[in-house]
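Some notes on the structure that comes next.
The values are calculated or read from the model by the stated rules, or taken from the named source; none is laboratory data. Source: prediction; values computed, not measured. When we count neighbours, we look across all protein chains shown, and the Cβ atoms used for this are built from the backbone with ideal geometry, even at glycine. Just so you know, the surface numbers come from the protein's heavy atoms only, side chains and all, with ligands and any DNA or RNA stripped out. Shrake-Rupley method; radii C 1.70, N 1.55, O 1.52, S 1.80 Å.
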Amino acid sequence: MRLAVFLVLASIATPATAQDMPARKAGLWDMTMTFEGRNTPPQTMQQCIDASTDKAMQDMSAGMRGQSCSKREVKKAGNTILFDSVCSMGAGTTTSHGVVSGDFNSAYTVKVNSKREGGPPVPNMPAETNMTIESKWLGACKADQKPGDIIMANGMKMNVNEMQKGGPGGMAPGAPGIRK
């Protein structure tokens with residue numbers, strides 16, 4: 001579950017920089033993340049965002065990548081964004097190519113192919129990953145939701161704003177930012 005949350009947070013802005021990605025419409029977004037070639041069910045979640053939370057998540061994603069990327073290329077063509085990156089992660093290097101298509105007001109799709117080389121193997125993570133995130137705007141956030149809430153398929157709710165304040169421990173059950 002922590003890996004799924006990390007992957008979503010890390011891929012919100014994709015390997016493009018935050019200023020390269022359009023802002024998403026405020027409200028409740030339904031997201032489904034699938035991995036090709038893995039024997040795992042799709043990961044689904046909902047995110048309640050406003051403009052400042054969306055920007056903060058993109059900035060957080062850019063911060064996770066830090067200055068470790070030797071290549072970041074982004075090209076825009078209409079409603080499509082293409083990106084390529086080469087980033088160092090520990091002793092390994094990850095090369096990614098992705099396509100973001102759609103409308104950040106109603107629905108968009110992110111397709112990413114990543115290849116990891118060098119460094120020790122990462123448990124449960126193949127050397128090559130093909131990930132698709134399909135996102136659809138559902139409308140206003142529900143009455144019991146606030147901007148920053150991520151609601152997992154099992155009902156667990158966490159808030160990225162609270163996780164940022166609580167540091168890395170914010171992702172632990174019972175810690176600030178997580179509630180059921």
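In this rough spin-label picture, where each label sits 7 Å from Cα along the Cβ direction, the Thr95-Asp50 distance is 4.4 nm.
List nothing, just return the count: lysine pairs in region 46-165, 8 or more apart or interchain, with Cα separation under 25 Å. Number of lysine pairs found: 25.
In this structure the amide hydrogen of Glu128, modeled in the peptide plane, comes within under 5 Å of the amide hydrogens of Arg116, none closer than 5 places in sequence on its chain. Note on Lys25: aspartates and glutamates with a C-alpha under 13 Å away, same-chain residues under 8 apart excluded, are Asp50, Asp54, Asp103. Extension gain, Lys25-Glu117: 0.36 nm per intervening residue step, less the Cα-Cα distance, totals 29.5 nm. Placing R0 at 30 angstrom, the Cβ-Cβ distance between Lys75 and Asn124 gives a FRET efficiency of 0.40 after rounding to 0.05.
Asp59 exposes around 70 Å² of accessible area when a 1.4 Å probe is run over every protein chain in place. Sorting the segments 89-97, 36-44 by their residues' average number of neighbouring beta-carbon atoms within 10 angstrom, most packed first, yields 89-97, 36-44.
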